[in-house]
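Below is one structure, written out as structure tokens, with a few remarks after it.
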Amino acid sequence: MCILLTITSAIAISLGIDAWYFFEIFGLLTAIGIHDCLQKKHAVLRNYPVLGHMRFMLEFIRPEIRQYFIEGDNDKTPFSRSQRTLVYSRSKAVSDKRPFGTQLDVMAPGYQWINQSLAPTQLANHDFRINIGGKDCTQKYSASIFNISAMSFGSLSANALKALNLGAKKGNFAHDTGEGSISRHHLTHGGDIIWEIGSGYFGCRNEDGSFNAEKYANSALNPQVKMIEIKLSQGAKPGHGGILPGPKVTQEIAEARGVKVGEACISPASHSAFSTPLEMMYFVKKLRDLSGGKPVGFKLCIGHPWEWFAIVKAMLQTQIYPDFIVVDGTEGGTGASPVEFTNHVGTPLQEGLRLVHNTLVGVNLRDQIKIGCSGKIISAFDMAVAFALGADWCNSARGFMFAVGCIQAQICDTGFCPTGVTTQDPNRQKALVVSDKSERVYNFHNETLKALKEIVEAAGLNHPIEIDTRHIVRRINANEVRLLADLLPAIPAGSLLLNEEGSNLPRLYQTYWDIAQANSFAPLKS
């Protein structure tokens, strides 16, 4: 057809008819069609030259078509329109109220709610805080119960980091650096920083990638750094290392991470500074001493239970306790990862958080170690459930990304973020205005805690940490509901110390506690 129309246009031109426009268009399409027939990469184009390109175009815009025209308000892929709208409303400090009742199916399995009280409380303040720091910590940190989760410079743009940190400064809450270390953009506005140290030891490494104590101390002693977090694994890709390709390592990124410009940044799957649970505890002590006594803890997505138990046994044996533990659920997703890891590797937040909480209770350490959590936490009710499971505070990454303008385009790893959040392109970053977005970060944090305050008051409580599994109800089927306390039972305080056999404990503890050993992450062989 293109060939015929090209010939027809040429004939028309020869007859004096002005058909150059059609000749150029159909001539170009003819050339494309000939190329399609000769190329060997795409079978569709060989069979359907020219028209086959429609298939690729529609495939390219499919996510946008789905998001804007097909997706339901409560379809979570990964965050529903209702969830995103909630963040956008709160970040703009406009009404987040919804008339005409819930859009959720309250009879659907998995539906959850919190029971209200006939004697609700009246709280004066929504700025809920906790003190983080154990027996060996000399610089305890008074933290908000809602903070910005780990996202690195390199993954996020400079303007996004500035907006997040300035918002944290305004709202008096913390900003986790991610394993990309502390960049100049984290320090610009003076917001509280949690310095995350991963297996690449960025910002505190030797040229061979090993840990450098002197460089660590220089940064850890910065008054803006409030806590240090060792990253063992992350929910987005637990057990998987990472690499930032050399072409993406700009001067600023190289400066922050302590590598050469254009040199690939490699994060191994495991740490080189320690290889056993005992060595890990001594590393915790070393970091705390070098920081001048600041809170030091670690983040992990739970994998093999015996490895977690081995860490706990190392705590007991050395009497060295981390000041905090952050449990990352496999729901976490700011880091791009292989699909198999995204979908099928790692423990979800519910089971991971409950395991960590119960284990610390079982060895009488729960009152000495604070627990943070992260994994798809957006709303005040999400936070309430996390507190019920055992958390002392919550972190959110994608929630704050929405606050600075993310539209869930899901092209974060391409460098073509349409809103300037996850790109190093200086022109695209200009779309993100720091002064405006920092106010939205502050508003999202503030309005979410106001909503949490109302939930706490309605439940007749005085602080979110009073929420436990007795307060949350989950629907099992159309005719049955259960308290989380019945579905996720607790274990008695000190029970893991009093009963090494584990005969009266849940099966998981019976199976794995006794085979865990403090001097190795490997289980004892039977």
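The values are calculated or read from the model by the stated rules, or taken from the named source; none is laboratory data. What you see is a predicted model; the values in this text were computed from it and never measured. Note that we place each Cβ from the backbone using ideal geometry, even for glycine, and neighbour counts take in every protein chain shown. Protein only, heavy atoms only, side chains kept; ligands, DNA and RNA dropped before computing areas. Shrake-Rupley method; radii C 1.70, N 1.55, O 1.52, S 1.80 Å.
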The orientation-averaged projected area of the Cα convex hull of segment 1-104, in nm², is 12.1 nm²
If I compute solvent accessible area with a 1.4 Å probe over the protein chains, what percent of it on segment 398-526 is carbon and sulfur? 52 percent
Enumerate the amide H contacts of M151 below 5 Å, restricted to partners 5 or more residues apart or on another chain; note that Pro and chain-start residues carry no placed amide H. G178
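Which value, in Å², gives the accessible area per residue of the chain when a 1.4 Å probe is used on the protein heavy atoms?
On the way: 24630 Å² over 526 residues.
Per residue, the chain has 47 Å² of solvent-accessible surface.
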When the convex hull of its Cα atoms is projected in every direction, mean area for segment 430-514 (nm²): 11.3 nm²
Counting other C-beta atoms within 10 Å, and keeping those with at most 15, which DSSP coil trypsin sites (Lys or Arg not before Pro) do you find in segment 416-470? K430, R470
Counting only protein heavy atoms and leaving out ligands, DNA and RNA, the solvent-accessible surface of V259 at a 1.4 Å probe, in Å² to the nearest 10, equals 20 Å²
Farthest towards the positive end of the dipole of segment 461-526, among Q517, N504, N477 and with Cβ unit charges of +1 on Lys and Arg and -1 on Asp and Glu, lies the Cα of N477
For I243, solvent-accessible area (1.4 Å; no DNA, RNA or ligand), Å²: 110 Å²
The answer for V326, listing residues at least 5 apart or on another chain whose modeled amide H is closer than 5 Å to its amide H, is F298, K299, L300, G372
So which trypsin sites (Lys or Arg not before Pro) in segment 39-115 pass both tests, a DSSP loop state and at most 11 other Cβ atoms within 10 Å of the Cβ? K40, K41, K97
Summarise the accessible area of segment 119-169 (1.4 Å probe, protein heavy atoms) by the percent that is carbon and sulfur. 46 percent
Rounded to one decimal in nm, the spacing of the 7 Å Cα→Cβ label points at V261 and L118 is 7.2 nm
Mind pulling up the Rg/Rh value for the chain? Radius of gyration and Kirkwood radius, both on Cα. 1.06
At a 1.4 Å probe radius, which order do W113, W306, W513 fall into by accessible area, largest first? W113, W306, W513
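For an R0 of 41 angstrom, estimate the FRET efficiency from the Cβ-Cβ distance between R129 and I61 and round to the nearest 0.05.
Working: r = 46 Å, r/R0 = 1.11.
Plugging the Cβ-Cβ distance into 1/(1 + (r/R0)^6) gives 0.35.
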Just the Cα atoms of segment 328-484, one point each, no solvent: what log10 I(q)/I(0) does Debye give at q = 0.09, 0.10, 0.14, 0.21 Å⁻¹? -0.39, -0.48, -0.86, -1.32
In Å, the C-alpha Rg and Dmax of segment 157-205 are 10.6, 32
Volume per residue of the C-alpha convex hull in segment 447-492, rounded to whole Å³: 104 Å³
Mind computing the radius of gyration and Dmax over the alpha-carbon atoms of segment 32-180? Å is fine for both. 24.8, 78
By how many nm would the segment from T8 to K285 grow when fully extended, if each residue of separation counts as 0.36 nm and the alpha-carbon distance is taken off? 91.5 nm
Can you pull the percent of segment 252-299's accessible area that's carbon plus sulfur, 1.4 Å probe, other chains left in place? 55 percent
Contour minus end-to-end for I34 and T102, with contour as 0.36 nm per residue of separation and end-to-end as the Cα-Cα distance? 18.9 nm
Only Lys, Arg, Asp and Glu count, each charged at its Cβ (+1, +1, -1, -1), so figure out the dipole size of the chain about its Cα centre, rounded to 20 debye. 420 debye
Report the semi-axes of the equivalent ellipsoid for segment 155-284 in whole Å, largest first, where each axis is √(5λ) for an eigenvalue λ of the Cα gyration tensor. 23, 18, 14
What is the extension gain from N47 to E214, computed as 0.36 nm multiplied by their sequence separation minus the C-alpha to C-alpha distance, in nm to one decimal? 53.7 nm
Translational diffusion coefficient (Stokes-Einstein; Kirkwood radius from C-alpha pairs) of segment 239-398 at 20 °C, 1.002 mPa s, in µm²/s: 124 µm²/s
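Let me know the Kirkwood hydrodynamic radius for segment 381-467, please, with Cα pairs as the basis and the value in Å to one decimal.
Values: mean 1/r = 0.0676 Å⁻¹.
Computed over segment 381-467, the radius equals 14.8 Å.
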Given the options T138, I182, M107, identify the residue whose Cα lies farthest towards the positive end of the charge dipole of segment 85-228 (+1 on Cβ of Lys, Arg; -1 on Cβ of Asp, Glu). M107
Exposed-loop-free span, longest in the chain, where GluC sites (Glu not before Pro) count as exposed if DSSP calls them loop and at most 15 other C-beta atoms lie within 10 Å: 264-499
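At a 1.4 Å probe radius, which order do D323, D425, D208 fall into by accessible area, largest first?
Values: D323 0, D425 55, D208 125 Å².
Per-residue accessible area, sorted high to low, gives D208, D425, D323.
Please report, in cubic angstrom per residue, the volume enclosed by the convex hull of the alpha-carbon atoms of segment 260-353.
141 Å³
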List the chymotrypsin sites (Phe, Trp or Tyr not before Pro) in segment 336-420 that DSSP assigns to loop (not H, G, I, E or B) and whose Cβ has at most 16 other Cβ atoms within 10 Å. Which are they? F416
Ranking N358, A386, F283 by how far each Cα lies towards the positive end of the charge dipole of segment 267-404 (+1 on Lys and Arg Cβ, -1 on Asp and Glu Cβ), the top one is F283
Volume of the Cα convex hull of segment 1-60, divided per residue and given in Å³: 74 Å³
Spacing of the two label points (7 Å from each Cα toward its C-beta) at I70 and L221, in nm: 5.9 nm
If I model a spin label at A409 and F381 as a point 7 Å from the Cα along the Cα→Cβ vector, what separation in nanometres do I get? 3.1 nm
